[in-house]
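My questions all concern the structure below.
Just so it is clear, none of the values below were taken in a lab; they were calculated from the coordinates. Note that the structure is a prediction, hence the values are computed from the model and not measured. Here the Cβ positions follow ideal geometry from the backbone for every residue, glycine too, while neighbour counts run over all protein chains shown.
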Amino acid sequence: MRLSHGFVRGEALSCIYHGWSYARSGNCLRIPAHPGLTPPETIRVGTHAVEESDGVIWVAVGVPTAQPPRLEGVVPLRSLTAHTGVAAVEAAAGAKAGAVGLVWQAQDAQQIRLLLAPQGDEQTLIHVLLDHNSSLSQRIGASRAVERLRRAAEDLQTKGIAP
């Protein structure tokens, strides 16, 4: 079970399946099935540098090479998974992602910022950000527009049209 499905208990991250708890440094703190055991130092998980910036949590895989970009004036709306690569999402949006994501103009003229996180060649996490002053109806419209974009990108991938 991935620890991303786990939960935070105090200052530890715990596995939702076995309940093993890990410290910030990655060492195992507790194994519920063996309450009297002090877990050996060899039981550990890899760690990554994490930083919150403008409501978005950034994870550096490896050594961070720069600070996360500033995304002032936007707020996270939602995240979804596209069963396609980043190139197909970019093709469906008609734009390329840059350092601050992909700025996409939906059909209703609303500007939506997308942060694209590749999960291999066949999946992309799409994190949707909107202007912090957007109304409820704009947020609903943006959510629907991004669903249409996801379906269009997956269709491009299925038809072999995506780069």
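Under the 0.36 nm per residue contour assumption, what length would be gained going from the current alpha-carbon distance of residue 119 and residue 53 to full extension?
On the way: separation 66, 0.36 × 66 = 23.76 nm, distance 2.19 nm.
That pair, residue 119 and residue 53, stretches by 21.6 nm at full extension.
OK, next. Roughly what angle does helix 136-159 make with the longest principal axis of the chain, taking Cα atoms, 0 to 90 degrees, to the nearest 10?
Value to nearest ten degrees: 90.
Now for a different question. Identify, among 127, 20, 71, the residue whose Cα sits farthest towards the positive end of the charge dipole of the chain, taking +1 on the Cβ of Lys and Arg and -1 on the Cβ of Asp and Glu, with the dipole about the Cα centre.
Farthest along the dipole direction, towards plus: 20.
Using the Cα centre of the chain as the reference point, and only Cβ charges (+1 on K/R, -1 on D/E), how large is the resulting charge dipole? Debye, rounded to the nearest 20.
Values: 15 positive and 14 negative charges, 57 e Å.
Dipole size: approximately 280 debye.
Based on a Kirkwood Rh over C-alpha pairs, give the Stokes-Einstein translational diffusion coefficient of the stretch 74-159 at 37 °C and viscosity 0.692 mPa s in µm²/s.
260
On to the next question. With just the Cα atoms of the stretch 1-47, tell me how far they stretch along each of the three principal axes, in Å, largest first.
Ordered largest first, the stretch 1-47 gives principal extents of 25, 20, 20 Å.
Which semi-axes, in whole Å and largest first, does the equivalent ellipsoid of the chain have when worked out from the alpha carbon gyration tensor as the square roots of 5 times its eigenvalues?
The three semi-axes for the chain are 36, 18, 15 Å.
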